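> Below is a structure I'd like to ask you about.
The values are calculated or read from the model by the stated rules, or taken from the named source; none is laboratory data. It should be emphasised that the depicted structure is a prediction, and the values quoted were computed from it without experimental measurement. So basically every Cβ, Gly included, is an ideal-geometry build from the backbone, and we count neighbours across all protein chains shown. Surface areas here come from the heavy atoms of the whole protein model, side chains and all, with no ligands, DNA or RNA. Shrake-Rupley method; radii C 1.70, N 1.55, O 1.52, S 1.80 Å.
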Amino acid sequence: MSDARKILNPTVSLPDGTAVPTLGAGTWNMGENARHRATEVDALRHAIDLGMTLIDTAEMYGEGGAEEVVGEAIKGRRHEVFVVSKVYPHNASRDGVIAACERSLRRMRTDRIDLFLLHWRGPHPLAETVEGFKTLVKQGKIGNWGVSNFDTADMKELFSVPHGDRCAINQVLYNIGRRGIEYDLMPWCVSNGIPIMAYSPIEQGRLANHPDLIAIASAHNATPAQVALAFVLQHFGMIAIPKASNKAHVEENVRALTLRLLDDEWQKLNALFPAPTEARPLEML
Ligand code: NAP
């Protein structure tokens, strides 16, 4: 039995004022193998118990399997959790968005997705996707909508279509080794009041063994994964969604909320992982 304690998870405000936990749980690669299902459900429940009450999923993950895992994890405690899911770009026509959302709701056995995202840009005009999202908000099936993997030019185009500026979030790849967005996308989002949700904050586990993070981690009696998370979380208005199907990882990740990097450590990190000095295309995983 773990003696891990719930840790205060600060919130970030969406443009409509909705408060969203700054640290959530990802689910990519969950729901792919029935043998791992109980472990995955357990890990997500543990995350909720410890205060990581945002869960990020997508119809793509396990082709619906991850949403089913989420449905099981939030059973009986839906009110505690902020649920994020995503629609495939090829499903994001005006009517397709609605049909995809209804399938996701059924898989998660809930009547509302708190935040529904376009997973990446695809064949359907943005104006149509936004129309579909608007209908879903009106019907109460989603609370807010947003986008994922949108670079600065995509965000500007989105803001030029009717109601496109109602976008609540942009979910993008961001971690200490992938700082490209700091040059242009992050400042654009900040000045337009759009929070960023950082995916792969531990670089799919690779930062957990990064030799350059070990010294800073040891000084805090922490781990490199926690330093990587603290780097993301110390950016104002940033949400991070590490995925962990291992309960010990969940506990480690939640404790990253209490890790404060010192000024000289920021300097060291900036020297080891330099901020961008020119625009780079948005990276995706
Ligand atoms: P990640 O969260 O950076 O890394 C996940 C990996 O790190 C897993 O293998 C996990 O292992 C391991 N891990 C977690 N915590 C750890 C710790 N404290 N110490 C050591 N290893 C640890 O990568 P990700 O899954 O790519 O990204 C997170 C979430 O973002 C996804 O799950 C998904 O929800 C979302 N995402 C969105 C997009 C998009 O296009 N919008 C793309 C990628 C990801 P265990 O599972 O064994 O614990």
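> Filter the range 155-204 down to the residues that are under 20 Å from F116 (Cβ atoms), of a type in the set (F, W, Y) and open to solvent by less than 40 Å² (accessible area, probe 1.4 Å) and list them by number.
If the condition is that a residue be under 20 Å from F116 (Cβ atoms), of a type in the set (F, W, Y) and open to solvent by less than 40 Å² (accessible area, probe 1.4 Å), then Y199 is the only one that fits.
> On to the next question. Note down all Cβ pairs under 9 Å where the first residue falls in the range 141-152 and is on the phi < 0 side of the Ramachandran plot and charged (D, E, K, R), the second is open to solvent by less than 20 Å² (accessible area, probe 1.4 Å) and at pLDDT 95 or above, and they're at least six residues apart or on different chains.
Listed pairs, sorted by first residue: K141/C101; K141/L105; K141/I113; K141/F116; D151/V172; D151/I181; D151/L185.
> Checking the condition more than 21 Å from T57 (Cα to Cα) and of a type in the set (G, A, S), which residue from G180, G205, G237 passes?
Testing whether each residue is more than 21 Å from T57 (Cα to Cα) and of a type in the set (G, A, S) leaves just G180.
> Identify the residue in the range 111-144 that is assigned to a loop (DSSP other than H, G, I, E, B) and under 26 Å from P21 (Cβ atoms) and, among all such residues, is farthest from the ligand (Cβ to nearest atom).
Here the residue is G140.
> Check off (1) over 22 Å from L285 (Cα atoms); (2) open to solvent by 50 Å² or more (accessible area, probe 1.4 Å); (3) hydrophobic (A, V, I, L, M, F, W, C) for F82 and give me the number that stays unchecked.
Every condition holds for F82 apart from (2).
A quick yes/no check of all residues on (1) out of contact with any Cys (no Cβ under 6 Å at 6 or more places or on another chain); (2) more than 15 Å from the ligand (Cβ to nearest atom); (3) modelled with pLDDT of 95 or more; (4) of a type in the set (V, I, T):
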residue: Y174; (1), (2), (3), (4): yes, no, yes, no
residue: E182; (1), (2), (3), (4): yes, yes, yes, no
residue: P195; (1), (2), (3), (4): yes, no, yes, no
residue: G205; (1), (2), (3), (4): yes, no, yes, no
residue: A215; (1), (2), (3), (4): yes, yes, no, no
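> Limited to the range 236-267, what total is found for residues that are surrounded by 16 or more Cβ atoms within 10 Å (Cβ to Cβ) and more than 16 Å from the ligand (Cβ to nearest atom)? Show your work before the answer.
Our first condition is that a residue be surrounded by 16 or more Cβ atoms within 10 Å (Cβ to Cβ); within the range 236-267, this holds for 238-245, 247, 249-257, 259, 261, 265.
So of that shortlist, the ones also more than 16 Å from the ligand (Cβ to nearest atom) come out as 261, 265.
Final tally of qualifying residues: 2.
> How about the range 212-235: which of its residues are surrounded by fewer than 19 Cβ atoms within 10 Å (Cβ to Cβ) and within 23 Å of the chain's Cα centre (by Cα)?
Result: Q234, H235.
> Could you check the range 41-66 and list, in sequence order, the residues that are open to solvent by less than 10 Å² (accessible area, probe 1.4 Å) and under 14 Å from K243 (Cα atoms)?
If the condition is that a residue be open to solvent by less than 10 Å² (accessible area, probe 1.4 Å) and under 14 Å from K243 (Cα atoms), then V41, A43, L44, A47, I48, M52, L54, I55, D56, T57, A58, A66 are the ones that fit.
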